[in-house]
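Student: Mind looking over this structure? Questions follow.
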Amino acid sequence: MTLKPLALSLTTCLLILTNNSQANVSESHVSDNIDPNAPITVLDKLQSLQNPSELEFTLPKIEHFSSKNGTPVIFVQTNNLPMVDIDIRFNAGSARDESIKPNGFGLASLVASMLSKGTTNKSEDLLAEEIEQLGIDLDISAYKDMFVISLRSLSDDKYLNPALQLVEEILTQPTFPNDSLERTKARYLVALKQAQEDPNTIANQTFIKELYANHPYAHPSMGTPESIPNIHQQDLQNFTKRYLVAQNAYITITGDISRQQAENIANQLTQTLPTGSPAPALPDAKPLTTSKTIHLPFDSTQTTVIMGQLGEKRSRDPQILQQHTNFNIADEVVGGGGFQARLMTEIRQKRGLTYGIYSGMTPMQSQGNYSISFSTQNENSQQAIDATLQVIQDVIDNGISENELTLTKENLMNRFPTLLSSNASINGQLSAMNFYQLPDSYLSEYNQRIQQATLDEVNQSYRQLVQPNKFLIVTVGKTQTTKQPTATVKKEAKKAQKKTKIDK
């Protein structure tokens with residue numbers, strides 16, 4: 001697969017030109033010798049711009065295998081730097097908290113914070129000292145879907161082998177010392193209290209809670225002020241024994257090592273893990289049946305707004321992958337494409353109601369969510385909400401244009417190589433693919449899916465998913481916003497739904 005990142009090469013060329021100019025022209029003569037309105041004639045001489053076909057990007061070679069106890073592994077060999085990135089993901093995010101302890105919100109997050117606080121043979125201080133001496137980057141985090149351990153190390157055995165031994169020990173021999181756990185819980189409570197002073201955090205947490213109701217995604221990954229004090233050492237141990245097991249893990253490795261070395265690493269990291277079993281599938285969330293507006297008073301000059309609905313699940317089905325691509329193209333035009341996006345044009349540039357407004361959706365194991373967010377002056381909140389809904393309704397009714405489709409396709413394809421521009425970014429993309437069991441074609445056919453998306457398919461994908469007459473709208477600010485979407489918006493939404501049924 002060959003890609004041509006024109007935008008990236010142009011940026012690089014301009015940076016080189018700028019640096020050379022600064023090095024060879026004295027500051028005192030700049031204004032005398034340079035006409036700021038003159039064209040940059042040297043650009044005409046740049047070979048990279050005259051022959052863009054020479055700018056090629058080749059996808060990394062992806063290799064698949066399993067460790068001896070069945071953990072799926074993805075490996076990419078890269079020899080540009082003497083580094084290796086290793087990612088271990090467990091199906092053990094905060095969505096699993098309550099499966100271990102009722103109302104145990106924050107349990108996965110606490111396990112992530114506590115894994116490196118002590119092992120059977122090493123204290124917290126000794127672990128920290130070894131990590132520093134080895135010069136490795138070790139990060140352990142818990143999200144809604146997944147529990148992630150990421151390691152970056154020099155590929156030389158002198159550094160890599162002890163780093164792997166350290167990770168293995170942290171994974172299999174954590175002690176979760178009570179004194180450290182109590183300090184960590186105290187820090188969580190302080191952070192949770194501070195979060196309640198941030199309107200963006202309040203709006204986001206309320207949006208998620210109201211959208212997902214009783215679903216495992218509903219609670220904050222970090223827990224709540226009520227749940228954290230009730231989580232104890234035994235709960236952390238139970239979570240680890242159930243979910244940090246070989247059959248519930250996915251390993252991704254990128255770096256300056258051989259295939260045999262990668263196999264040895266995967267075996268070493270999983271050989272002492274309990275075999276265990278995969279986590280069960282998460283339940284489906286139930287979408288709202290009607291629009292709902294929630295206002296939370298907050299002493300601020302601005303109102304924070306989040307509106308949206310349930311989104312899509314991850315899928316390896318080629319047809320669904322194409323549908324996701326079609327939707328992403330449409331939404332890039334609506335609110336994901338910076339200053340040229342419709343929402344930014346209408347709400348910021350034309351009306352001056354906000355500094356920035358963005359939309360987006362990330363599929364997950366269960367339904368993700370589609371959301372639009374912005375902040376505006378308190379007195380303008382309802383006007384901004386109505387204008388946003390009008391933009392969404394216009395896209396549903398009339399679709400995006402052929403010109404918008406063409407420009408967005410080019411933009412997405414030119415941006416794609418930057419997502420794989422380093423070992424860390426390659427490993428991050430492949431780790432997500434490994435965890436969600438996506439096929440290699442998720443990357444290799446990325447441009448193909450974009451190229452074959454037609455205008456009708458792109459517009460239809462947006463109509464099928466987005467239902468503004470069923471949006472959840474959360475506002476956090478001084479002026480209460482209780483007005484539901486206007487009758488016109490509701491009427492237009494019903495017309496769009498009828499049109500969608502006819503199209504089907």
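The values are calculated or read from the model by the stated rules, or taken from the named source; none is laboratory data. A quick note: this is a predicted structure, and the numbers were derived from the prediction, not measured. Cβ: placed from backbone, ideal geometry, glycine included. Neighbour counts: every protein chain shown. What goes into the accessible areas is simple: the full protein's heavy atoms, side chains included, and nothing from ligands, DNA or RNA. Shrake-Rupley method; radii C 1.70, N 1.55, O 1.52, S 1.80 Å.
Student: Inside the stretch 393-409, can you point out the residues that are farther than 11 Å from A330 by Cα and buried (at least 17 other Cβ atoms within 10 Å of the Cβ)?
Tutor: Residue satisfying the conditions is Q393 alone.
Student: Scan the stretch 198-229 residue by residue and report those that are open to solvent by 20 Å² or more (accessible area, probe 1.4 Å) and polar (S, T, N, Q).
Tutor: Answer for the stretch 198-229, where residues must be open to solvent by 20 Å² or more (accessible area, probe 1.4 Å) and polar (S, T, N, Q): N200, T201, N204, Q205, T206, N214, S221, T224.
Student: Right, here's the next one. Got a sec? Which of P287, P274, P283 is out of contact with any Lys or Arg (no Cβ under 8 Å at 6 or more places or on another chain), farther than 30 Å from N79 by Cα and assigned to a loop (DSSP other than H, G, I, E, B)?
Tutor: Details: P287 fails: out of contact with any Lys or Arg (no Cβ under 8 Å at 6 or more places or on another chain); P274 fails: out of contact with any Lys or Arg (no Cβ under 8 Å at 6 or more places or on another chain).
P283 is the lone residue from the list that is out of contact with any Lys or Arg (no Cβ under 8 Å at 6 or more places or on another chain), farther than 30 Å from N79 by Cα and assigned to a loop (DSSP other than H, G, I, E, B).
Student: Still on this structure, I have one more. What residue, of R242, R314, R259, is surrounded by 19 or more Cβ atoms within 10 Å (Cβ to Cβ) and among the basic types (K, R)?
Tutor: Values: R242 fails: surrounded by 19 or more Cβ atoms within 10 Å (Cβ to Cβ); R259 fails: surrounded by 19 or more Cβ atoms within 10 Å (Cβ to Cβ).
It is R314.
Student: With the structure loaded, tell me whether Q271 is modelled with pLDDT under 95, more than 22 Å from the chain's Cα centre (by Cα) and either charged (D, E, K, R) or surrounded by fewer than 16 Cβ atoms within 10 Å (Cβ to Cβ) (or both) or whether it fails that test. Steps first, please.
Tutor: Numbers: modelled with pLDDT under 95: yes; more than 22 Å from the chain's Cα centre (by Cα): yes; either charged (D, E, K, R) or surrounded by fewer than 16 Cβ atoms within 10 Å (Cβ to Cβ) (or both): yes.
Judged against the criteria, Q271 is a match.
Student: Now, a different point. Return yes when Y442 is in contact (Cβ under 8 Å) with a residue 60 or more places away in the chain and either in contact with a Leu (Cβ under 9 Å, 6 or more places away or on another chain) or part of a loop (DSSP other than H, G, I, E, B) (or both) and no when it is not. Steps first, answer last, please.
Tutor: Details: in contact (Cβ under 8 Å) with a residue 60 or more places away in the chain: yes; either in contact with a Leu (Cβ under 9 Å, 6 or more places away or on another chain) or part of a loop (DSSP other than H, G, I, E, B) (or both): yes.
Against the criterion (in contact (Cβ under 8 Å) with a residue 60 or more places away in the chain and either in contact with a Leu (Cβ under 9 Å, 6 or more places away or on another chain) or part of a loop (DSSP other than H, G, I, E, B) (or both)), Y442 qualifies.
Student: Same structure again: Considering each residue of the stretch 204-227, count those that are touching a residue at least 60 places away in the same chain (Cβ under 8 Å) and outside any helix (DSSP H, G or I), and give that number.
Tutor: Of all residues in the stretch 204-227, those touching a residue at least 60 places away in the same chain (Cβ under 8 Å) come to 204, 206-208, 210-213, 215-217, 219-224, 226-227.
Now drop any that are not outside any helix (DSSP H, G or I), which leaves 213, 215-217, 219-224, 226-227.
Going through the stretch 204-227 one residue at a time, the tally reaches 12.
Student: Looking only at the stretch 118-161, how many residues end up being assigned to a helix (DSSP H, G or I), open to solvent by less than 40 Å² (accessible area, probe 1.4 Å) and in contact with a helix residue (DSSP H, G or I) (Cβ under 6 Å, 6 or more places away or on another chain)? First the steps, then the outcome.
Tutor: So in the stretch 118-161, the residues assigned to a helix (DSSP H, G or I) come out as 124-134, 157-161.
Applying the additional criterion that residues be open to solvent by less than 40 Å² (accessible area, probe 1.4 Å) yields 127, 131, 134, 160.
Those still in the list that are in contact with a helix residue (DSSP H, G or I) (Cβ under 6 Å, 6 or more places away or on another chain) too: 127, 134.
Here the count works out to 2.
Student: Quick check on my filter: what residues within the stretch 446-504 are acidic (D, E) and modelled with pLDDT under 50?
Tutor: So in the stretch 446-504, the residues acidic (D, E) come out as 456-457, 492, 503.
Residues satisfying the conditions are E492, D503.
Student: Scan the stretch 448-462 for residues that are part of a helix (DSSP H, G or I) and among the aliphatic types (A, V, I, L, M) and jot them down. First the steps, then the outcome.
Tutor: Residues of the stretch 448-462 part of a helix (DSSP H, G or I): 448-451, 455-462.
Across the stretch 448-462, the qualifying residues are I450, L455, V458.
Student: Go through the stretch 325-381 and count every residue that is surrounded by fewer than 18 Cβ atoms within 10 Å (Cβ to Cβ) and of a type in the set (V, I, T).
Tutor: 2
Student: Right, here's the next one. Starting from residues that are assigned to a strand (DSSP E or B), among the aromatic types (F, W, Y) and over 12 Å from L310 (Cβ atoms), keep the ones in the stretch 353-378 and report whichever is farthest from the chain's Cα centre (by Cα). Lay out the reasoning, then the answer.
Tutor: Of all residues in the stretch 353-378, those assigned to a strand (DSSP E or B) come to 357-361, 364, 369-377.
Checking the rest, the ones that are also among the aromatic types (F, W, Y) come to 358, 370, 374.
From what's left, over 12 Å from L310 (Cβ atoms): 358, 374.
Values: Y358: 14, F374: 19 Å.
So the residue we want is F374.
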